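Reviewing the structure listed below.
The values are calculated or read from the model by the stated rules, or taken from the named source; none is laboratory data. Owing to the predicted nature of the structure, the values given are computational and were not obtained by experimental measurement. Cβ: placed from backbone, ideal geometry, glycine included. Neighbour counts: every protein chain shown. The accessibility values were calculated without ligands, DNA or RNA, using every heavy atom of the protein model including side chains. Shrake-Rupley method; radii C 1.70, N 1.55, O 1.52, S 1.80 Å.
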Amino acid sequence: MLANTGELRQDSDHETKDESVSMPGPILNGIPRISFLGPLGTFCEAALRQVAPKDCELIPCSGVPAALEALRTGVSDRAVVPIENSVEGGVNATLDSLAHGDPLTIVAEMVVPITFCLVTRADSDIELGQIQRIATHPHAWAQCHKWVLANIGDVTHLPATSTAGAAKALKEDVACGYDAALCSKESADLYGLRILAQGVADNPDAVTRFVLVSKPGSTPLPTGADKTTLQVTLPNNRAGALLTMLEQFSARGVNLSRIESRPAAAYFGNYSFSIDLEGHVADERVQSALIGLHRTSPEVRFLGSYPKANGVPTRVDDETTDSAFRDARAWVGAVVAGYAT
């Protein structure tokens, strides 16, 4: 479900990039339209502001699937969604939405430090010890529940689609059903809420990784500091299937920075794996690994190659450089042609 569709945001206090974001396909009136996990004030909007041009049109959506569906149906030109949290791991709604439906491609990643405030309505005189119900996104609750237990006690958590969504409802609906919300300070300021406590996260160094997604058509050029995301389905009832999949990477010197299993079918026992690897699809070693995966796995979905947010170059061993693969292929060609032994 979309919210505030068509709202043009040019007056935000957030810093945005001056240059345009490359977007395959038509762009309405020359203004990029970007759907994201809303409402305004989410950490997702903060991630978006790292890459969005100033004259973009923001389309807040009620959930990750809705943001990606807006992209698939042409309502937006790009989507920004969370994909991984340093405390809770992968964001299942994003992993599953990218793995199914019309193909989409990740073209950039952004990392946002995550800090939380405990807030209530501006006109409320409630104090910490009186709070009974707190609303926030489940990932936010997982990052703050120890602080809540130590400082407030055993309260009820009401799941929300986003931290800003919980804050917005607290502001606008006196019958929302909860006393307080966990959100960013930006959300608290945006919706005029009273801050009861700041820095309430259990891990002060927590970050969330977000991705900029487009329709297929343009893969960013390799930089030497790249990441590739895949979804790989394992064969059913085959001993050693996981090992066979992993060998496709290890044999080519491709390092995996993330691997998570996800249910692959409607019934229990079938799994696919969401994978981040270090390298670009243009790299010879990555292409060779993908060929091996395509031979041994019933389904491989390429979800994009894009620059790492930290810019750290990928370490490549001498025997797995592009030139090493090209030399080996040339030697085999010469053997087949009868020119070498």
Consider residue 281 against the criteria (1) out of contact with any His (no Cβ under 8 Å at 6 or more places or on another chain); (2) assigned to a loop (DSSP other than H, G, I, E, B); (3) at pLDDT below 95: it satisfies all of them except one. Which criterion is unmet?
(3)
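Return the only residue of 324, 330, 337 being of a type in the set (A, V, I, L, M, F, W, C), out of contact with any Leu (no Cβ under 8 Å at 6 or more places or on another chain) and either at pLDDT 95 or above or open to solvent by less than 50 Å² (accessible area, probe 1.4 Å) (or both). Steps first, answer last, please.
On the way: 330 fails: either at pLDDT 95 or above or open to solvent by less than 50 Å² (accessible area, probe 1.4 Å) (or both); 337 fails: either at pLDDT 95 or above or open to solvent by less than 50 Å² (accessible area, probe 1.4 Å) (or both).
When all the criteria are applied, what remains is 324.
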In the set 309, 340, 289, the lone residue that is aliphatic (A, V, I, L, M), within 19 Å of residue 227 (Cβ to Cβ) and part of a loop (DSSP other than H, G, I, E, B) is 309
Kindly provide the set of residues from the range 317-341 that are in contact with a helix residue (DSSP H, G or I) (Cβ under 7 Å, 6 or more places away or on another chain) and basic (Lys, Arg), ordered by number.
326
Which pairs do you get when a residue that is under 15 Å from residue 171 (Cα atoms), found in the range 37-54, comes within reach of a residue that is open to solvent by 10 Å² or more (accessible area, probe 1.4 Å) and of a type in the set (D, E, K, R), reach meaning Cβ atoms under 7 angstrom, with the pair 6+ apart or on two chains?
39/168; 41/186
For the range 298-316, how many residues are in contact with a helix residue (DSSP H, G or I) (Cβ under 9 Å, 6 or more places away or on another chain) and more than 26 Å from residue 68 (Cα to Cα)?
1
Scan 154, 102, 96 and give me the residue that is free of Cβ contacts under 8 Å to residues at least 24 places away in the same chain, surrounded by fewer than 22 Cβ atoms within 10 Å (Cβ to Cβ) and of a type in the set (D, E, K, R).
154
Modelled with pLDDT of 95 or more, outside any helix (DSSP H, G or I) and open to solvent by 50 Å² or more (accessible area, probe 1.4 Å), is that true of residue 302?
yes
Residue check: is residue 274 in a strand (DSSP E or B) and without any contact (Cβ under 8 Å) to a residue 40 or more places away in the chain?
no
For the range 167-262, which fully contained strands (runs of 3 or more DSSP E) count at least 2 residues that are in contact (Cβ under 8 Å) with a residue 40 or more places away in the chain and buried (at least 18 other Cβ atoms within 10 Å of the Cβ)?
180-183, 207-214, 226-233
Please determine, by comparing only the residues of the range 284-299 that are under 12 Å from residue 235 (Cα atoms) and surrounded by fewer than 17 Cβ atoms within 10 Å (Cβ to Cβ), which one is modelled with the lowest pLDDT.
298
